[in-house]
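Visitor: Quick one: structure below, then a few questions.
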Amino acid sequence: MTPRDFFRHCPRCGARQLAPPATNVFTCGACGFRLFFNPAVAIAVFIQRADGQALFIHRAKDPGRGCLAPPGGFIDLGERAETAAGREIREEVGLEIADVTFLGSHPNSYHYAEVTYPVLDFFFTARALNAEQAAALDDVAQFEWLDPLSVRPEQLAFPSMQAALDQWQEQLRRAGVAPAQ
């Protein structure tokens, strides 16, 4: 169920609704209150170290437990995406990053505790400042430094990540980066 499927009563006046909203806008028939259902926002960062290898984590929890992913997470209220990128990287793998560059955004669905949340994922690339200090921390089972061109998109946890990896790999190829032998 998506968040809007849970709305059976108006959050302002408590009036019972005949059915959940059919669109991304809840409008109460009794008091006229309107609530918009927008996606949650998250970030993920493809981090490279000096030798060109990229950091991929293995997710410790569902959804996607065990799958590869770039480190990242949800953006907090009032937080800039770039700030969230640095915070999430410190929380998940203990790294500081530089040269943070926007790669693109892709829609996603995140199923958690019986709710499927619509999410808009923002992807970045960055350079690790202290790659030797990488550690598997919050929500990370383990991590690997991999040739970014050798990772197959279907190895990643979510379709949004797969699309972003495709996009990044295309950028790397256009820049003349060759897969490691």
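The values are calculated or read from the model by the stated rules, or taken from the named source; none is laboratory data. Only a predicted model underlies this, so the values are computations on that prediction, with no experimental measurement involved. Cβ atoms come from the backbone with ideal geometry, glycine included; neighbour counts cover every protein chain shown.
Visitor: For region 110-120, which residues satisfy the criterion of being touching a residue at least 40 places away in the same chain (Cβ under 8 Å) and loosely packed, with under 15 Cβ neighbours inside 10 Å? If you could, list the steps in order and put the result at the bottom.
Guide: First, pick out the residues of region 110-120 that are touching a residue at least 40 places away in the same chain (Cβ under 8 Å): 110-112, 114-120.
Selection gives His111, Tyr112, Glu114, Val115, Thr116.
Visitor: Just one of (1) out of contact with any Phe, Trp or Tyr (no Cβ under 8 Å at 6 or more places or on another chain); (2) assigned by TED's automatic domain parsing to the domain that holds Phe122 trips up Pro63, so point out which.
Guide: It fails just one condition, (1).
Visitor: Looking at Glu114, is it of a type in the set (Asp, Glu) and modelled with pLDDT of 95 or more?
Guide: The answer is no for Glu114.
Visitor: For residues that are of a type in the set (Asp, Glu) and touching a residue at least 60 places away in the same chain (Cβ under 8 Å), scanning just region 121-168, find the one that is surrounded by the most Cβ atoms within 10 Å (Cβ to Cβ).
Guide: Checking each candidate, the answer is Asp121.
Yes/no matrix, rows are residues, columns are (1) in contact with a helix residue (DSSP H, G or I) (Cβ under 8 Å, 6 or more places away or on another chain); (2) over 14 Å from Leu156 (Cα atoms); (3) at pLDDT below 95; (4) assigned by TED's automatic domain parsing to the domain that holds Ala135:
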| position | (1), (2), (3), (4) |
| --- | --- |
| Ala22 | no, yes, yes, no |
| Gly32 | no, yes, no, no |
| Asp51 | no, yes, no, yes |
| His58 | no, no, no, yes |
| Ala81 | no, yes, no, yes |
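Visitor: Follow-up. Go through the residues of region 94-109 one by one and say whether even a single one is surrounded by fewer than 16 Cβ atoms within 10 Å (Cβ to Cβ), in a strand (DSSP E or B) and among the acidic types (Asp, Glu).
Guide: Yes, region 94-109 contains at least one residue that is surrounded by fewer than 16 Cβ atoms within 10 Å (Cβ to Cβ), in a strand (DSSP E or B) and among the acidic types (Asp, Glu).
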